[in-house]
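Notes follow once the structure below has been shown.
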Amino acid sequence: MSVAIQPAGSPASREHYFDTVENPVKISQYEKLLGEDFASLQKVSKNGTTALWGVTPGTNNANVNKYKKLTVGDIVIFTRDKTAFASAQITYLFRNKILAENLWGQDNKNQTWEYMYALSNVKNLQISYNQLQNAIGSKVGDNFMGFRVLNELKSQGAEKLIGITVPKKHLDIVKYWWVNQGQTYDFEVEGDFLWSPKESKDGSRNQYYENMTLLKTGDIVFSYNDKNIRAIGTVQEKAVTTAKPDFRNAGSNWSETGWYVEVSFNKLANPFEPKKYLKEIKPLLPDKYSPLDKNGDGTQAYLFGISSELGYLLLDFSKLPKEVFVQNRIVIDESLDDQHENEILQKTSLKPREKEQLVKSRRGQGIFKSNVKHFEKSCRVTGITNKKHLIASHIKPWRFSDDTEKIDGENGLMLSYHIDHLFDKGFITFLENGKIMLSPILDLNVVSAWGINTEINVGKFTKKQTEYLKFHRENIFKSS
């Protein structure tokens, strides 16, 4: 998660902030101007409105590269009058010069604020420049003139200052990959996976195959086939060793075992040819292990790591909203749970029985399940009371809970297994008044097939449960 500093102290900026942040924009009024971005903005809007902001290209396009560092979920801090006066979270990024001119006009250099982003969770702050300087390690006297995006270390300082409490070590940094698929394209994309041998035919090391072991949950993969990017996928699980899939005649010379990675692919309605955009792409290609040669043709190799800047550019070319792939929420990676479990087992301050109960609580068992039963007698959604068919599900996930919270009965709900899946993965959550919230990316066909009544009220929660549910809504629920 990055933090951007956005000055808003000039007369024009004050007016813009009032017009489009304090008073969110009604998206339907600009449907014709928004084009393909309209549907995406509707998804992230609240009651049809959303706060909007933008930056100009700047002198010699100085702001453009800064803007391209941003992604969904990043934080913006607004400054003026020697104060950081507000913060907000980015829900969508897009470029629209005509819309910007309609909303804000032009500056004295005839530029408009065309590099735009939608915002949610706008909060008022009262933080002095001195406090902000100390938090991010900037020089005394820094007046935060000009749009800037902070590096990771400075962003962490800013996040802590404004009260973002999700531990940084639990946030998976999304990386971007490019896979050149020939005859295996149909098999892999339709089957939602990647597969490669572990080494070259002569037994030598192969970096393109070793890259398979570097893929992490949440990483984004661009699928290149027949000169076009045809699909984009999100890594679901880290690499495991498997037998070679049935590729029919493809890969007949490959070894019988290799690396398998589960990937959720989305085929593009309009595939695009990177070679046509070589002028923009070429400066962002890696010097070594590049997926394209100097002429813009595909390299004869498999999996390549690419920069986030190139990843953002390819997402722009794909015409798909970035939030389809880059969620502004915690990435669930089971390896983090495994690591945390090992840390618990190594603790010398805990007795063996205490370690056992903490580990069992990860899977909704042991004393945690018994504690939850004191508060929850049935599945909140299905009404099932037979405990054999229910799981004790953490509200604030196990990996983010301290030792007390891990076994706290009020940090749990008894849920049917399919409801637990939706809740654990952030596809549903609950409001304090008992209403069910559905993620905009939840497939409603699944809801229908499972016969889930989403209109019911699941009942009252205890005070502590509402506190845990607040964490779930803000950090786990896929709100965009």
Okay, strands (runs of 3 or more DSSP E) sitting entirely in region 176-261 with 2 or more residues that are outside the structural domain of Ile306 (by TED's automatic domain parsing) and more than 23 Å from Leu314 (Cα to Cα), I get none
Taking the residues in region 128-141 that are surrounded by fewer than 14 Cβ atoms within 10 Å (Cβ to Cβ) and modelled with pLDDT under 85 as candidates, determine which candidate is nearest to Val3 (Cα to Cα). Gly137
Being assigned to a loop (DSSP other than H, G, I, E, B) and modelled with pLDDT of 85 or more is the filter; apply it to region 145-163 and report the residue that is surrounded by the fewest Cβ atoms within 10 Å (Cβ to Cβ). Met145
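Okay, residues lined up against (1) surrounded by 18 or more Cβ atoms within 10 Å (Cβ to Cβ); (2) of a type in the set (Gly, Ala, Ser); (3) farther than 22 Å from Val64 by Cβ; (4) at pLDDT below 90:
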{"residue": "Lys288", "(1), (2), (3), (4)": "no, no, yes, yes"}
{"residue": "Gly296", "(1), (2), (3), (4)": "no, yes, yes, no"}
{"residue": "Phe304", "(1), (2), (3), (4)": "yes, no, yes, no"}
{"residue": "Phe317", "(1), (2), (3), (4)": "yes, no, no, yes"}
{"residue": "Lys322", "(1), (2), (3), (4)": "yes, no, no, yes"}
{"residue": "Gln327", "(1), (2), (3), (4)": "yes, no, yes, yes"}
From the list Ser200, Ser196, which one is in contact (Cβ under 8 Å) with a residue 12 or more places away in the chain and hydroxyl-bearing (Ser, Thr, Tyr)? Ser196
Residue pairs meeting the criteria (Cβ under 8 Å; at least 6 apart or on separate chains; first under 16 Å from Val64 (Cβ atoms), in region 102-114; second assigned to a loop (DSSP other than H, G, I, E, B) and of a type in the set (Val, Ile, Thr)): Asp107/Thr56; Lys109/Thr56; Gln111/Thr56; Thr112/Thr56; Trp113/Thr56; Glu114/Thr56
Of the residues in region 164-216, those that are surrounded by fewer than 20 Cβ atoms within 10 Å (Cβ to Cβ), aliphatic (A, V, I, L, M) and either closer than 23 Å to Leu310 by Cα or at pLDDT 90 or above (or both) come to Leu171, Ile173, Leu214
Does region 12-20 contain any residue that is in contact (Cβ under 8 Å) with a residue 60 or more places away in the chain, more than 26 Å from Ser155 (Cα to Cα) and not assigned by TED's automatic domain parsing to the domain that holds Met437? yes
Please identify the pairs in which a residue from region 34-45 that is farther than 15 Å from Leu99 by Cβ has its Cβ atom under 8 Å from the Cβ atom of a residue that is assigned to a helix (DSSP H, G or I) and at pLDDT below 85, counting only partners at least 6 apart or on another chain. Lys43/Glu323; Val44/Glu323
Looking at (1) under 28 Å from the mean Cα position of the chain (by Cα); (2) at pLDDT 90 or above, find the lone condition where Pro283 falls short. (2)
Answer yes if at least one residue in region 49-64 is farther than 24 Å from Phe18 by Cα, under 29 Å from the mean Cα position of the chain (by Cα) and crowded, with 22+ Cβ neighbours inside 10 Å, and no otherwise. no
What number of residues within region 115-131 satisfy the criterion of being touching a residue at least 60 places away in the same chain (Cβ under 8 Å) and either assigned to a helix (DSSP H, G or I) or among the small types (Gly, Ala, Ser) (or both)? 2
With (1) touching an Asp or Glu at 6+ places or on another chain (Cβ under 8 Å); (2) surrounded by 21 or more Cβ atoms within 10 Å (Cβ to Cβ); (3) not in a loop (DSSP other than H, G, I, E, B) as the list, and Leu103 as the residue in question, which single condition is left unmet? (2)
Exactly one condition in (1) touching a strand residue (DSSP E or B) at 6+ places or on another chain (Cβ under 9 Å); (2) charged (D, E, K, R); (3) closer than 15 Å to Phe375 by Cβ is not met by Lys435; state its number. (3)
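The values are calculated or read from the model by the stated rules, or taken from the named source; none is laboratory data. Being a predicted model, the structure only gives us computed values, none of them experimental. Reconstructed Cβ throughout: ideal geometry from the backbone, glycine too, with neighbour counts over all protein chains shown.
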